[in-house]
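Asks: Before I ask anything, let me first share the structure, which is written out below as structure tokens.
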Amino acid sequence: MAAAFRDLCIDARDHQALADWWCSAMGYVRKDAAQPDPDDDWTRPVDWPVPIVDPAGHGTLIWVVPVPEEKVVKNRVHWDVVGSVEELLAQGATLVRGNDRPADGADTDPTTGAIEWDVLADPEGNEFCVFTPSPDASSVQPLLPTDPWHRAGCTLGEAGLVDSGVLEMRPGCECCDVDLPPSSTDAWICSFECTWCTACATDVLHGRCRNCGGDLTLRPTRAPEKLAAAPAGTTRVHAPDCR
């Protein structure tokens, strides 16, 4: 494989405003606020690209990049979200094309060019598709990456993490040594359970374990009531040369 997906970039004339819009639309937050460096009082210059992240650690890192020109033609790349068209329109999106779902609930016929989703545009005109949440969905998950590296909530068998037994649940990131307790939603692991935080897994390792070269996936959490029978590991592994 020649490359692995890293993040998504959006161009914008007013990148600060568009970053705030997507944060509001998808429940994202600015990465600098979500993952501050306790030893660094540096502030991102206002004319630099703005990174935004899913605070739960499930969604893709997005960069909102300032550009001098306005959008002119349809984007050749777009992203899909699961959500409410009405709420997105109320927040400032515009409808580009409505869905062609029959009123009687029948399936659409793709051979006729019909679509089951709605096409919207953000305040800068960037197109995105909106899919209706499934009826049994407990909550809207706005952005659901499907590449193996970003699959959240999968079982251990699906992720190919273990053959038997339970995860060790190592206590910290091997790169920056930040704490990663068993309840953390910020821990990423490879098939050998080398453990990394979200910032190191994405920004430093780019989704690849530095030890084995394998894909990284979000580590599942362990319920507190299960810790007595299956306690989390206590041995820390730290590689200071990682950064």
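Laboratory data are not the source of any read-out in this text; all were calculated from the coordinates shown. Computed from a predicted structure; not experimentally measured. All Cβ positions, glycine included, derive from the backbone under ideal geometry; neighbour counts span all protein chains shown.
Asks: Check cross-link reach from LYS226 to the lysines: straight Cα distance under 26 Å, and skip same-chain residues fewer than eight apart.
Replies: List returned: none.
Asks: Out of every Cα pair in the range 8-131, what percent are spaced more than 27 Å from each other?
Replies: 26 percent
Asks: So, one more: In sequence order, what are the phi-derived ³J(HN,Hα) couplings for the range 77-85 according to the Karplus relation 6.51 cos²θ - 1.76 cosθ + 1.60 with θ = phi - 60°, rounded to whole Hz, with x for glycine and proline?
Replies: Calculated HN-Hα couplings, in order: 10, 9, 10, 10, 10, 9, x, 9, 4 Hz.
Asks: When the helix-only estimate is applied to the chain (DSSP H runs of n ≥ 4, each -39,500 (n - 2.57), divided by the residue count), what is the mean residue ellipticity at 222 nm, nearest 500 deg cm²/dmol? Please list the in-between numbers first.
Replies: Details: 4 runs with 26 residues, N = 243.
Helices in the chain give a 222 nm mean residue ellipticity of -2500 deg cm²/dmol.
Asks: Once the cut-off is 21 Å, how many percent of the Cα-Cα pairs in the chain end up in the long-distance tail?
Replies: Values: 18769 of 29403 pairs.
Summing the P(r) tail past 21 Å for the chain gives 64 percent.
Asks: Follow-up question, since we're still on this one. Cα to Cα, under 26 Å, and not fewer than 8 places away if on the same chain: which lysines meet these conditions relative to LYS31?
Replies: Counting by Cα, and skipping residues close in sequence, LYS31 has these lysines nearby: LYS71.
Asks: So which chymotrypsin sites (Phe, Trp or Tyr not before Pro) in the range 1-78 pass both tests, a DSSP loop state and at most 11 other Cβ atoms within 10 Å of the Cβ?
Replies: On the way: sites: PHE5, TRP21, TRP22, TYR28, TRP42, TRP63; in loops: PHE5, TYR28, TRP42.
For chymotrypsin sites (Phe, Trp or Tyr not before Pro) across the range 1-78 that sit outside H, G, I, E and B with at most 11 neighbouring Cβ atoms in 10 Å, the list reads TRP42.
Asks: Here's a follow-up. So if R0 is 51 Å, what FRET efficiency would ALA223 and ILE115 give, r being the distance between their Cβ atoms, rounded to the nearest 0.05?
Replies: So the FRET efficiency works out to roughly 0.80.
Asks: Exposure proxy check: LEU227, LEU167 ranked by fewest other beta carbons within 10 Å?
Replies: Numbers: LEU227 14, LEU167 19.
By the 10 Å Cβ count, ascending, the order reads LEU227, LEU167.
Asks: Then there's this: Hey, with R₀ at 25 Å, roughly what FRET efficiency would SER183 and ASP7 work out to, going by the Cβ-Cβ distance, to 0.05?
Replies: 0.45
Asks: Going by amide H atoms built from the backbone, whose H comes under 5 Å of the H on CYS194, apart from near neighbours?
Replies: Amide H neighbours of CYS194: none.
Asks: Which of ARG97, ARG210 has the fewest other C-beta atoms within 10 Å, and how do the rest follow up to the most?
Replies: Lowest to highest Cβ neighbour count: ARG97, ARG210.
Asks: For the range 170-228, which chymotrypsin sites (Phe, Trp or Tyr not before Pro) pass both filters: DSSP loop (anything but H, G, I, E, B) and at most 15 other C-beta atoms within 10 Å?
Replies: Counting only loop positions with at most 15 other Cβ atoms within 10 Å, the chymotrypsin sites (Phe, Trp or Tyr not before Pro) in the range 170-228 are PHE192.
Asks: Quick one: Karplus J couplings for the range 63-76, per residue in order, coefficients 6.51, -1.76, 1.60, θ = phi - 60°, nearest Hz, x for Gly and Pro?
Replies: Values per residue, Gly and Pro as x: 10, 9, 10, x, 9, x, 9, 7, 5, 10, 10, 4, 5, 7 Hz.
Asks: Then there is this: Using a Gaussian network model of the chain whose springs link C-alpha atoms within less than 10 Å, name the residue from GLY83, GLY213, GLY113 with the highest mean-square fluctuation.
Replies: GLY113
Asks: Taking the Cβ of each residue in VAL50, VAL73, VAL67 as the centre, tally the other Cβ atoms inside 10 Å and list the residues starting with the fewest. Show your work: numbers first, answer last.
Replies: Details: VAL50 23, VAL73 6, VAL67 13.
Final ranking by Cβ density, sparse to dense: VAL73, VAL67, VAL50.
Asks: What does the net charge come to around VAL237 if you take all other residues with beta carbon closer than 11 Å to its beta carbon, with K and R at +1 and D and E at -1?
Replies: It works out to a net charge of -2.
Asks: Something else about it: Could you calculate the FRET efficiency of ARG208 with GLU87 from 1/(1 + (r/R0)^6), where r is the beta carbon distance between them and R0 is 30 Å, rounded to 0.05?
Replies: Calculated transfer efficiency: 0.25.
Asks: Pull up the DSSP beta bridges for the chain and report the antiparallel fraction as a percent, rounded to 5.
Replies: Taking every DSSP beta bridge with both residues in the chain, the antiparallel ones total about 70 percent.
Asks: Sticking with this one: How far is helix 15-26 tilted, in degrees, relative to the longest principal axis of the Cα atoms in the chain, given as a value from 0 to 90 rounded to the nearest 10?
Replies: 80 degrees
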